Amino acid sequence: MLWIKNGIVVDPKNKINAEKMDIFVKNGKIVAESDVKKEDCKIIDASGKLVVAGGVDMHAHIAGSKINTGRTMRPEEMRVVRNIAGKFRATLGRVLLTAPAIGYEYAKMGYTTSFEAAQPPIGALHTHEELDSIPMIDKGALPVFGNWHLVFKCIEEKNLEKLKALVAWAIERTKGFGVKVVNPGGVEAWMYGGNVKSLDDQVPGFNVTPREIITWLIRANEELGLPHSVHLHCNNLGVPGNYQTTIESIKLANGFRNPKRQVLH
């Protein structure tokens, strides 16, 4: 049990606006004072400090092949060593941190949770092994679907049941948290030195468009009843005038309804 004393609590959901109060935690949940034995509590004196809900970083890049590729491109980073003997694991890096450093830095900023937002399914095992090495915070990962050939083939065949089966299987096998779509169709075009410039460009080698990829993956996600909505990295990101593509992409969520959450973000 935990007793946080004398903190300045900010909790907009419960209409608590910078009020000095004590907080009691039992079995990982905030409880009433009457539910704990104060003499059994670990006490944290938060006098003069803000007490707020832990931060959740819903889109981060903290583990997996791309991070390690970046580390190999910055060997000089590995000369920056931090070591507090007996308390923390030694950490390396300033921009591309090692796994322990990522957890420590998040904790210092008040975060409790972070999601790796681009997990190639084929690299899921390594990604989770690396996430396991990040201390102090909760972690999750979003497998990417927006340029997967099997997804393209399901859409070409107009086979929603096969697409749903693929998504469900991939989420379960990769232990993913939800469906991620990155530059749908555009990454495939990049492999041939190109890109897609609109939602209706045909993906090289496939009879599908970004519009269809987004729409079909939203439909599969919603019919499967997944708790997390499709997370979309829009086409033309970083290109002047890309707001038009973003607006058109958002409109693709029209016609889908979920009483508990949005269907696209």
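Here are the numbers for the structure shown:
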read-out	value
The range 144-222 - Rg and Dmax from Cα coordinates, angstrom	11.9, 34
Burial ranking of peptide ranges 193-199, 240-246 (average Cβ count within 10 Å, highest at the top)	193-199, 240-246
Rounded, prolate or oblate (a/c below 1.5 giving rounded, otherwise prolate when a/b exceeds b/c) for the range 113-265 by Cα gyration tensor	rounded
Residues Met58, Met109 arranged by fewest to most Cβ contacts within 10 Å	Met109, Met58
Cβ-based charge dipole, the chain, positive-most Cα from Pro100, Trp148, Ser34	Ser34
FRET efficiency for Asn68 and Met21, using Cβ-Cβ distance with R0 set to 41 Å, rounded to 0.05	0.35
Coil-residue chymotrypsin sites (Phe, Trp or Tyr not before Pro) of the range 172-234, DSSP, other Cβ within 10 Å capped at 14	Tyr192
Mean Kyte hydropathy of 1.6 or more with a Cα span along the axis of at least 15 Å, helices from DSSP in the chain	none
Calculated diffusion of the range 1-83, Stokes-Einstein form, Kirkwood radius summed over Cα pairs, 10 °C and 1.306 mPa s, µm²/s	98 µm²/s
Descending Cα extents along the principal axes, the chain, whole Å	68, 49, 37
Greater than 21 Å apart at Cα, pairs in Lys66/Lys175; Lys139/Lys164; Lys49/Lys108; Lys15/Lys49	Lys139/Lys164
Ala107-Lys175 FRET efficiency (beta carbon distance; Förster radius 22 Å; 0.05 resolution)	0.40
In nm, spacing of pseudo-spin labels at Met136 and Leu150 (7 Å Cα→C-beta vector)	3.8 nm
Difference of contour (0.36 nm per residue) and Cα-Cα distance, Lys13 to Trp190	59.3 nm
Dipole magnitude of the chain about its Cα centre (Cβ charges: Lys, Arg +1; Asp, Glu -1), debye to nearest 20	480 debye
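Computed from the coordinates by the stated procedures, all read-outs in this text should not be read as laboratory data. Not measured: the values here are computed from a predicted model. Neighbour counts run over all protein chains shown; Cβ positions are idealised from the backbone, glycine included.
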